[in-house]
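Below is one structure, written out as structure tokens, with a few remarks after it.
What follows draws every value from the coordinates through simple rules; no lab data is involved. Worth saying up front: this structure is predicted, and the values here are computed from it rather than measured. Cβ: placed from backbone, ideal geometry, glycine included. Neighbour counts: every protein chain shown.
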Amino acid sequence: MPMPYSALSHLDCPRCGTRLDADRVQGTCACGSPLLARYDLSQVASQVGPDDIAGRPADLWRYHELLPVREGARVVSLGESMTPLLAMPRMGRALGVPGLLMKDEGLLPTGTFKARGAAVGVSRAAELGVTAIAMPTNGNAGAAWSAYAARAGMRSLIVMPVGAPAVARAECAAAGAEVYLVDGLIGDAGRLVAEAVGRRPGYQNVTTLREPYRIEGKKTMGLEIAEQLGWRMPGVIVYPTGGGVGLIGIYKALRELAELGWVSGGLPRLVAVQAAGCAPIVKAFQAGAAESEPWPGAKTAAFGLTVPKALGDFLVLEALYATGGTAVAVTDEALLADQREVARLEGSFICPEGAAGFAAVRQLRASGWLSEADEVVVLNTGTGLIYPEVMPARVPVLPPCGSIPP
Ligand SMILES: Cc1ncc(COP(=O)(O)O)c(C=O)c1O
Ligand SMILES: [Zn+2]
């Protein structure tokens, strides 16, 4: 049988095992759990290999057999190129982890890794006939999904907290989205969206993990890391965790690669990083729990991490336990200090969420959980340029006739 563009076979429920048709628009399982996309990996393994991938364009669609879009012509793209996996020698030395690497997602369309989920999610939704999407967001996902929706000729309805970064609001509005702010948090936005979708036929609710394909886009972070290391896994992957989709996606990617036989060796230890002002997954991990409890009064400068209760918390925790990973909380003070350190030592202006990852490495090295010999990949999930408000720069203003100090 010739290899189709996608090897997608079906959807299944990781909680109760129900199997569902992947060629219809689906939300969550009847049991409430997110659904995961499954592929015919034995067919992929028998017909495609790393050498085939190597000859393809350097964007996330190079892994198309492992993505859900059935026809290449249906791909909605804004040029979501592979992102650099950068050595961080000076920051690594400062942290006592010389083998430090950063996957820099700030170069993607709309400036964050959210473009991956949006590119794949919108492409697949459009392929299945969806013409309007609705979602709550902490800002960056809304910016990405409204951009890809515009590119696909789809309508979008976006609801975000009033505290979300102002630039995301502007991006959504510019893309022609119907945008609302809610004087609350992302869960409040989610309730408003669910209610609106119930009253608006034709809108698909694409809330985090309430549709199965955003995670497939985020999975490509894991595929790229393995390929960029020469089809090998790093020792540790550190991920700033809000809803946790990226971490679940990376874990899924690495397991699929192991099953394909494209990589060997054990899985990396996965680390979920949260902000001290909103750390439900860390609290659950420390208690050895299977699920998290809603975090009261959530607040952090790393706004994307303000998720008091994630639908996929049990999947994040499972990935941490299964890989011998851990979960750590870092203060805003620590993450903002490391945002500055990364720019000063390496020249990269990263987002506060990504900076939380470096603050976590600092903490884990001090506690001995990380050693000097570890190869550690930190995900910088977005560019610092979209958060002008968190990095105040006090610089002198000179009169035209003034002079610069000697
Ligand atoms: C820049 C940034 N990093 C990380 C996250 C958390 O992502 P996830 O939902 O994959 O945990 C977000 C979510 O809004 C974000 O905007
Ligand atoms: Zn189920």
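Output the Kirkwood hydrodynamic radius of region 219-371, Cα pairs only, in Å rounded to one decimal.
15.6
Loop only by DSSP, 10 or fewer other Cβ within 10 Å of the Cβ. Give me the GluC sites (Glu not before Pro) in region 245-337 that pass, ordered by residue number.
On the way: sites: 256, 259, 291, 318, 333; in loops: 291.
Those that pass, being in a loop and sparsely packed, number zero.
Which Rg and Dmax, in Å, describe the Cα atoms of region 57-208?
In Å, with Rg to one decimal and Dmax whole: 17.2, 55.
Connecting C-alpha atoms closer than 10 Å in a GNM of the chain, tell me which of 339, 274, 228 has the biggest fluctuation.
Judging by the Gaussian network model, the answer is 228.
Using every Cα-Cα pair within region 145-287, state what percent have a distance larger than 25 Å.
Every Cα pair in region 145-287 considered, those over 25 Å come to 42 percent.
Quick one, could you list the DSSP H helices from the chain stretching 15 Å or more along their long axis (Cα atoms) with average Kyte-Doolittle hydropathy of -0.5 or above?
114-127, 140-152, 186-199, 245-260, 352-366
For region 270-309, evaluate the Debye formula with one uniform point scatterer on each Cα (no solvent term) and list log10 I(q)/I(0) at q = 0.17, 0.20 Å⁻¹, rounded to two decimals.
Per q value, in the given order, log10 I(q)/I(0) is -0.39, -0.53.
If you stretched the chain out fully between residue 162 and residue 24, how much longer would it get, using 0.36 nm times the residue separation minus the C-alpha to C-alpha distance?
Taking 0.36 nm per residue and subtracting the Cα distance, the gain is 46.2 nm.
Taking the Cβ of each residue in 154, 135 as the centre, tally the other Cβ atoms inside 10 Å and list the residues starting with the fewest.
By the 10 Å Cβ count, ascending: 154, 135.
Binning at 5 Å from 0, report for region 195-237 what percent of all alpha-carbon pair distances ends up in each bin.
Final binned percentages: 5, 18, 17, 14, 11, 10, 8, 6, 7, 3.
Counting just the Cα atoms, what span does region 1-61 cover along each of its three principal axes? Round to the nearest Å and put the largest first.
42, 25, 19
Expressed as a whole percent, how much of the Cα-Cα distance distribution for region 116-198 exceeds 16 Å?
Beyond 16 Å sits 45 percent of the P(r) for region 116-198.
Along the three principal axes, how long is region 344-406 when you take its alpha carbons, biggest first, rounded to the nearest angstrom?
Ordered largest first, region 344-406 gives principal extents of 56, 29, 16 Å.
Taking 1 over the mean of 1/r across every pair of different Cα atoms in region 1-138, what Kirkwood radius in Å do you get? Each step should come with its number before you reach the end.
Values: mean 1/r = 0.0574 Å⁻¹.
Kirkwood hydrodynamic radius for region 1-138: 17.4 Å.
Which value results for Rg/Rh of the chain when Rg is the Cα radius of gyration and Rh the Kirkwood radius based on the inverse mean 1/r?
Reported Rg/Rh, Kirkwood definition of Rh: 0.96.
Highest GNM mean-square fluctuation, the chain, Cα pairs closer than 10 Å: which of 197, 282, 120?
197
Between residue 173 and residue 322, take the C-beta separation as r, use R0 = 30 Å, and let me know the FRET efficiency to the nearest 0.05.
0.10
Once fully extended, how much extra length lies between residue 54 and residue 403, figured as 0.36 nm per residue of separation less the alpha-carbon to alpha-carbon distance?
In short, 120.2 nm is gained.
By the scheme Lys and Arg +1, Asp and Glu -1, what is the net charge of all other residues having a beta-carbon under 14 Å from that of residue 94? Could you put the intermediate results ahead of the total?
On the way: positive: 90, 93, 340, 344, 362, 365; negative: 338, 341, 346, 372.
Net local charge, residue 94 excluded: +2.
Sequence-distant or interchain residues sharing an amide H contact under 5 Å with residue 378, placed H: which?
Amide H to amide H, under 5 Å and 5 or more residues apart or across chains, residue 378 pairs with 101, 102, 103, 238.
Determine the percent antiparallel among the DSSP beta bridges restricted to the chain, to the nearest 5. Before the final figure, lay out the partial values.
Numbers: 13 of 44 bridges.
Among the beta bridges of the chain, antiparallel pairing accounts for roughly 30 percent.
Exposure proxy check: 394, 365 ranked by fewest other beta carbons within 10 Å?
394, 365
What is the fewest-to-most order of 62, 38 by other Cβ atoms lying within 10 Å of their Cβ? Before the final figure, lay out the partial values.
On the way: 62 20, 38 16.
Fewest to most other Cβ atoms nearby, the residues stand as 38, 62.
Taking the inverse of the average 1/r across all pairs of different Cα atoms in region 197-276, what Kirkwood radius in Å do you get? Don't jump to the answer; show the numbers that get you there.
Numbers: mean 1/r = 0.0721 Å⁻¹.
Result for region 197-276, one decimal place: 13.9 Å.
What ranking, highest mean first, results for peptides 66-76, 157-167 when packing means the other Cβ atoms within 10 Å averaged over each residue?
Highest-to-lowest ranking by the protection proxy: 157-167, 66-76.
Restricting the calculation to Cα positions, tell me the Rg (one decimal) and the Dmax (whole number) of region 288-385 in Å.
Every Cα atom of region 288-385 included, Rg and Dmax give 14.3, 39 Å.
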